[in-house]
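A.B. asks: Below is a structure I'd like to ask you about.
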Amino acid sequence: MNDAGSDDRINKVQYDVLMDILAARRSVREFQSEPVDSSDILKLTEAFDSAPQAGGQRGRKVIMLDDQKEIALFAETARRAYGKRLSGLESQAVREGMSEYGANFFWFKNAPLLAVSVIRRPPLFFQEFGGPAAELLWGGHLSAAMAIESLLLAAVSLGLGGCCLGGHLFAAAEIEAFLGLSQNSQISLMAALGRVKSDVI
């Protein structure tokens, strides 16, 4: 049950302000080189954490990467995994199609900030029960999607731009090893963020 203070805060939210933020949010892939302020990173983290979690789960978190060398290594990890998978494809048509599309998987290498969502894996009993649908039923990726959207909306209010990313998930095992995640954790969606270039409309 919400207390009176909580209701008061909710009542202060103005519909027009909310709609302005929703309308202003768009996918941005070109950023200025300047780093994102640590105070803004904290606010983005708070926005991420404020989002609901499917089934009342706990364990979702966000890893903020703002070191350019680390982001470049992250992107290189994805690029190498992509190259390895591409070279193993038997279909020439698939190879040609993915060769053209592949850059979408690691364009974020020059982003000033990456927000990587991390979720719990479904427990073994849930995997056994849910079978191929266990991930969907567990709701971890749904929770990550809601949190990333909250983060992206907060970014707009802070004068930042961003883009939600999911293509890196093909390299999940390699990226999880790069980040040093435990076996019970896995990556989900992420966002590339930064100040929008003035010539990007």
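The values are calculated or read from the model by the stated rules, or taken from the named source; none is laboratory data. The shown structure was predicted, so the numbers you read here are calculated from the model rather than taken from an experiment. All Cβ positions, glycine included, derive from the backbone under ideal geometry; neighbour counts span all protein chains shown. Protein only, heavy atoms only, side chains kept; ligands, DNA and RNA dropped before computing areas. Shrake-Rupley method; radii C 1.70, N 1.55, O 1.52, S 1.80 Å.
A.B. asks: Applying the selection to the range 66-101, what residues are among the hydrophobic types (A, V, I, L, M, F, W, C), in contact (Cβ under 8 Å) with a residue 40 or more places away in the chain and farther than 16 Å from ALA172 by Cβ?
C.D. replies: Hits for the range 66-101 are ILE71, LEU73.
A.B. asks: Any residue in the range 135-144 that is open to solvent by less than 30 Å² (accessible area, probe 1.4 Å) and at positive phi?
C.D. replies: Yes.
A.B. asks: I've got another one for you. Taking interchain pairs and intrachain pairs at least six residues apart, which have beta carbon atoms under 6 angstrom, with the first residue in the range 122-133 and closer than 17 Å to GLN186 by Cα and the second of a type in the set (A, V, I, L, M, F, W, C) and open to solvent by less than 50 Å² (accessible area, probe 1.4 Å)?
C.D. replies: Listed by first residue and then by second, the contacts come to PRO122/ALA134; PRO122/TRP138; PHE126/ALA134; PHE126/TRP138; GLN127/ALA134.
A.B. asks: What number goes with the only condition from (1) at pLDDT 95 or above; (2) of a type outside the set (Phe, Trp, Tyr); (3) open to solvent by less than 20 Å² (accessible area, probe 1.4 Å); (4) farther than 20 Å from CYS163 by Cβ that ILE71 does not pass?
C.D. replies: Only one criterion in (1) at pLDDT 95 or above; (2) of a type outside the set (Phe, Trp, Tyr); (3) open to solvent by less than 20 Å² (accessible area, probe 1.4 Å); (4) farther than 20 Å from CYS163 by Cβ is unmet by ILE71, namely (4).
A.B. asks: If you go through the range 151-164 one residue at a time, do you hit one that is out of contact with any Phe, Trp or Tyr (no Cβ under 8 Å at 6 or more places or on another chain), of a type in the set (Val, Ile, Thr) and either under 15 Å from PHE48 (Cβ atoms) or open to solvent by less than 10 Å² (accessible area, probe 1.4 Å) (or both)?
C.D. replies: yes
A.B. asks: Would you mention how many residues in the range 26-56 are touching a helix residue (DSSP H, G or I) at 6+ places or on another chain (Cβ under 7 Å), open to solvent by 60 Å² or more (accessible area, probe 1.4 Å) and either small (Gly, Ala, Ser) or at pLDDT below 90 (or both)?
C.D. replies: The total comes to 1.
A.B. asks: Do you know which of the residues in the range 151-201 that are more than 15 Å from the chain's Cα centre (by Cα) and assigned to a helix (DSSP H, G or I) is nearest to TRP138 (Cα to Cα)?
C.D. replies: Ranking the qualifying residues of the range 151-201, first place goes to ALA173.
A.B. asks: Continuing with the same structure: Among the numbered conditions (1) closer than 25 Å to PHE74 by Cα; (2) touching a residue at least 60 places away in the same chain (Cβ under 8 Å); (3) of a type outside the set (Asp, Glu), tell me where TRP138 comes up short.
C.D. replies: (1)
A.B. asks: Considering each of PHE105, PHE126 in turn, give the residue that is in contact with a Gly (Cβ under 6 Å, 6 or more places away or on another chain), aromatic (Phe, Trp, Tyr) and open to solvent by less than 50 Å² (accessible area, probe 1.4 Å).
C.D. replies: When all the criteria are applied, what remains is PHE105.
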